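J.: Sending over a structure as structure tokens; questions will come in a sec.
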Amino acid sequence: MSATPFLTLSALLFTIGAFGVLVRRNAIVVFMCVELMLNATNLAFVTFSRVNGNLDGQIAAFFVMVVAAAEVVVGLAIITSIFRTRRSASVDDASLLKY
Amino acid sequence: MIAFWVLAPVMVLAALGMVLSRKAVHAALLLAVVMVSLAILYAVQDAPFLFVVQIIVYTGAILMLFLFVLMLVGVDASDSVVETLRGQRLAAVVLGVLFAATVGIGVAQTTLGVVTGLDEANADGNVPGIAVLLFSRYVFAFEVTSALLITAALGAMVLAHRERLGPKETQRSMSQRRMREYVATGRPLGPLPTPGVYARHNAVDTPALLPDGQTSSLSISQSLQARGNVRQAMSGEVDETLEQLTSEQERRTTTGNAAPERRHGTDQGGPA
């Protein structure tokens, strides 16, 4: 099967994720949108791995998953500590560095 | 191929729903749909290892972590619709469309050539193939990953750690505090009174009766009191029940002895 539909789907999911990051305020939902973008790139990696006939793309997807896991752990810890001090999970409220 | 055309619309709809849903829990569940569908697409594309990892690590671990934090951090706090930046949503839509067009043109203009397929690379099985690559060419990256994971775990512990502000309360200090409270306010030293036990109610929402005929508020959980779910022990319910019973009695006497006799008959008929 041709690889183009998979790549189109990957691009579409990445766009939706990027749009979500721009639009949403809840920090956790923004984070989920970042995860969606990472997953979309993983789909592209796996597709290219099949196109090229070697497993390097799958290894790349595997590393993306590992980094995503580490990122989620630290990111969610930051969100909980911000929530503990500010009682809010909105990204608009964490704006003190601006001033 | 069928799997792709079935799953692709589902994934796009779920992703859109995730971005547009007001409640964060709905977003998390829709993200789970996207991730499981992605796992199936990996399986379709000759990547059984990534299929399993996607389900175990992404859907099983990461998404559940998301849900845990969601439950900790205000699950009922839905996003506000008010735009803090004027025209942010419109700008985001324009940017999204432009980005989609850019990437779409990129995908459309590339020629990928013939799809080789992974039959040769997966000849010894997908997992051994990945293992050979991971422990030969990518062994350095793999080892660095361990440092990353340890740093992430430590970072999460440091960030989520809460410093203790006062000294820890021991059993001794607690008993001393209770004794001081008893001297100051006369609060009873023993355990709190149990809920009331009556002929018709003995649930935790029924207050106990004090010797002087009043109910004891100490016998009811504070959260029940805050919700206003406390049953009145001395309500008019007794009178109501009494009335009901007497009216039933009257009805029975006017209709004759039919009712008790019938019951008697079924009792005898039961074992036979």
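Readers should treat all values here as calculations from the given coordinates under stated rules, not as data from a laboratory. These figures come from a predicted structure and were not determined experimentally. Cβ: placed from backbone, ideal geometry, glycine included. Neighbour counts: every protein chain shown.
J.: If R₀ is 25 angstrom, what is the calculated FRET efficiency for the pair B:A147 and B:L72, using the beta carbon separation as r and rounding to 0.05?
T.: Given R0 = 25 Å and the Cβ-Cβ separation, E is 0.35.
J.: Roughly how crowded by other chains is peptide B:140-152, in terms of the mean Cβ count from those chains within 10 Å of each of its Cβ atoms?
T.: That works out to 3 on average.
J.: Within 10 Å, count the other beta carbons around each residue, average over each peptide in B:110-122, B:44-56, A:14-26, and list them highest first.
T.: Answer by packing, highest mean first, reads A:14-26, B:44-56, B:110-122.
J.: Now for a different question. Once each part is reduced to its C-alpha centroid, what is the distance from segment B:110-164 to segment A:55-76 in angstrom?
T.: 7
J.: Picking from A:G75, A:F31, B:A160, whose Cα lies most toward the positive end of the charge dipole for the protein assembly as shown (charges on Cβ: Lys, Arg +1; Asp, Glu -1)?
T.: Sorting the options by dipole projection puts first B:A160.
J.: Efficiency by 1/(1 + (r/R0)^6): what FRET value for B:A131 and A:T4, r their Cβ-Cβ distance, R0 = 30 Å, to the nearest 0.05?
T.: Between B:A131 and A:T4 the formula returns 0.45.
J.: Over the Cα atoms of chain B, how large are the radius of gyration and the largest Cα-Cα distance (Dmax), in Å?
T.: 34.4, 97
J.: Moving on. Are there trypsin sites (Lys or Arg not before Pro) in segment A:30-92 that DSSP marks as loop and that have at most 14 other Cβ atoms within 10 Å, and which are they?
T.: A:R87
J.: Hey, what angle do you get for helix A:27-52 against the long axis of chain A, alpha-carbon based, 0 to 90 degrees rounded to 10?
T.: So the helix axis and the longest Cα principal axis differ by about 10 degrees.
J.: What FRET efficiency do you get for A:R86 and B:L224 if R0 is 25 Å and r is their Cβ-Cβ distance, rounded to the nearest 0.05?
T.: Efficiency, from the Cβ-Cβ distance: 0.20.
J.: Using helices alone, I'd like the mean residue ellipticity at 222 nm for chain B: each DSSP H run of four-plus residues gives -39500 (n - 2.57), total over residue count, nearest 500.
T.: Dividing the helical sum by the residues of chain B leaves -19500 deg cm²/dmol.
J.: Segment A:1-53 to segment B:174-212: how many Å between their Cα centroids?
T.: Cα centres, segment A:1-53 to segment B:174-212: 60 Å.
J.: Which ordering of B:F68, A:F83 is given by a fewest-first count of other beta-carbon atoms within 10 Å?
T.: Listed from fewest to most nearby Cβ atoms, that is B:F68, A:F83.
J.: By its C-alpha gyration tensor, with a ≥ b ≥ c as the square roots of the eigenvalues, how is segment B:76-146 shaped: rounded for a/c under 1.5, else prolate for a/b larger than b/c, else oblate?
T.: oblate
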